[in-house]
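Here the structure is laid out as structure tokens; the discussion comes afterwards.
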Amino acid sequence: MTTAFDPVDLGGLTLANRVAMAPMTRSRAGGDGVPTELAAVYYGQRAGAGLIVTEGIQPSPVGQGYPNTPGLHGAEQVAGWRRVTDAVHARGGRIFAQLMHSGRIGHPVLLPEGLVNVGASPIAAKGQVFTPQGPKDFVTPRELTGAEVRGTIADFAAAARNAVDAGFDGVELHGGNGYLIHQFLAPGSNRRSDEWGGSVEGRVRFAAETAKAVAAAIGGHRTGVRVTPGGTFNDIDEPEPEPAYTALVKELDQLGLAYLHIAETSAAGRGLTRKLRGLFSGALLLNPFTGGEPTGPDALLLVEDGTADVVTFGALFLANPDLPERLRGGGPFNTPDRGTFYGGDARGYTDYPAL
């Protein structure tokens, strides 16, 4: 029987175990989007993961949605991430960069002067974002032109090449949680009538073409995609997710990708997860739906019963830098401090004790 502590092949990359660290925004980069020395400590501490997927990294300046998030579109950012990947690799770990364009999520005060938030359609999300000037309502984004959509795809590909230059083992495209790729997928945020909207085929095109461009830039074996079918985070509305995600996964399966990463939602459930797994010939990473609670040790059974090849843990990995070792021994587990999740210093970031 396969267990979560057995090795697994991920597009030719051997992972020591099947316990992965899920991407988690921490908002601790410098104002220039450069990861700090403390980030190298943070990720290096968690190198016992079979795979680390980083926090969301903006592929271009306009892709930033939150304060103090890192980028991969400048030379200093590449150098900063090189310190991180060196720290992880020195301890035998594997690490992918998650590329995340926030699209309509964010606010112009978080962007360089002259830039405004962009999206699939000029439809504002309900809600607010925290900024240095306090909470602000999401704004109505400027609709990307067809040429700008192509330019945004090129930005993702360029950031993927930067990720390889920075020493990452690969990249994950964030296609969920209400950010730009998800905004194109969901009918509630994509009201376009051109080739990038309208039908299921049109709404899927941006995600598929971005994955295709990134795979062409760095190799499909270095490329993963994360999706959250049926998710409602950041005011996303996709009441019937199955047609779009089955169509998307069929497209992705032709690219020889390293993996598909599903973050389950209550709306889509395990049934759609199983269907998508059946359509995808690569590895499946799964962040199971847990009803708002952190993914716990019982999720390891999803590897044993064949539901997933790798299970991803978020908050539990944040609080337990040596999580695979703790899971193997049945605990004990540190409790995540939610008050230090976003922003700040070493407290709640690099000071969680190992066994």
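Here are the numbers for the structure shown:
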read-out: Condition check for residue 207: among the hydrophobic types (A, V, I, L, M, F, W, C), touching a Phe, Trp or Tyr at 6+ places or on another chain (Cβ under 9 Å) and at pLDDT 95 or above; value: yes
read-out: Helices (runs of 4 or more DSSP H) contained entirely in region 219-318, each with at least 3 residues that are in contact with a helix residue (DSSP H, G or I) (Cβ under 7 Å, 6 or more places away or on another chain) and not charged (D, E, K, R); value: 241-252, 269-279
read-out: Among the candidates 286, 300, 316, residue that is modelled with pLDDT of 95 or more, touching a Pro at 6+ places or on another chain (Cβ under 6 Å) and within 23 Å of residue 43 (Cβ to Cβ); value: 316
read-out: Qualifying position, being in contact with a Leu (Cβ under 9 Å, 6 or more places away or on another chain) and either farther than 19 Å from residue 69 by Cα or not aliphatic (A, V, I, L, M) (or both), among 107, 174; value: 174
read-out: Members of region 40-56 found to be closer than 13 Å to residue 81 by Cβ, under 17 Å from the mean Cα position of the chain (by Cα) and aliphatic (A, V, I, L, M), listed by number; value: 52
read-out: Any hit, region 185-202, residues being within 17 Å of the chain's Cα centre (by Cα), crowded, with 24+ Cβ neighbours inside 10 Å and either closer than 14 Å to residue 248 by Cα or in contact (Cβ under 8 Å) with a residue 24 or more places away in the chain (or both); value: yes
read-out: Entirely in region 1-117, the strands (runs of 3 or more DSSP E) that have 1 or more residues that are surrounded by 24 or more Cβ atoms within 10 Å (Cβ to Cβ); value: 8-10, 19-21, 51-57, 95-99
read-out: Close pairs (9 angstrom Cβ cut-off, 6 or more residues apart or separate chains): surrounded by fewer than 16 Cβ atoms within 10 Å (Cβ to Cβ) in region 340-355, of a type in the set (Phe, Trp, Tyr) anywhere; value: 343/130; 346/42
read-out: Region 277-329, residues that are of a type in the set (Asp, Glu) and either open to solvent by less than 10 Å² (accessible area, probe 1.4 Å) or free of Cβ contacts under 8 Å to residues at least 60 places away in the same chain (or both); value: 293, 298, 305
read-out: Residue among 249, 227 that alone is of a type in the set (Val, Ile, Thr), within 16 Å of the chain's Cα centre (by Cα) and crowded, with 20+ Cβ neighbours inside 10 Å; value: 227
read-out: Residue selected from region 153-166 under the condition open to solvent by 10 Å² or more (accessible area, probe 1.4 Å) and not aliphatic (A, V, I, L, M), by the criterion farthest from residue 93 (Cα to Cα); value: 155
read-out: Any hit, region 105-115, residues being over 30 Å from residue 12 (Cβ atoms) and in contact (Cβ under 8 Å) with a residue 60 or more places away in the chain; value: yes
read-out: Where residue 149 falls short, out of the listed (1) open to solvent by less than 60 Å² (accessible area, probe 1.4 Å); (2) free of Cβ contacts under 8 Å to residues at least 12 places away in the same chain; (3) assigned to a helix (DSSP H, G or I); value: (2)
read-out: Failed item, numbered, when residue 132 is tested on (1) farther than 21 Å from residue 232 by Cα; (2) at pLDDT 95 or above; value: (2)
read-out: Every residue from region 265-287 that is over 18 Å from residue 10 (Cβ atoms) and touching a strand residue (DSSP E or B) at 6+ places or on another chain (Cβ under 7 Å); value: 273
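The values are calculated or read from the model by the stated rules, or taken from the named source; none is laboratory data. What you see is a predicted model; the values in this text were computed from it and never measured. Methodologically, a virtual Cβ is constructed for each residue, glycine included, from the backbone with ideal geometry; neighbour enumeration extends over all protein chains shown. These area figures cover heavy atoms from the full protein model, side chains too; ligands, DNA and RNA do not enter into them. Shrake-Rupley method; radii C 1.70, N 1.55, O 1.52, S 1.80 Å.
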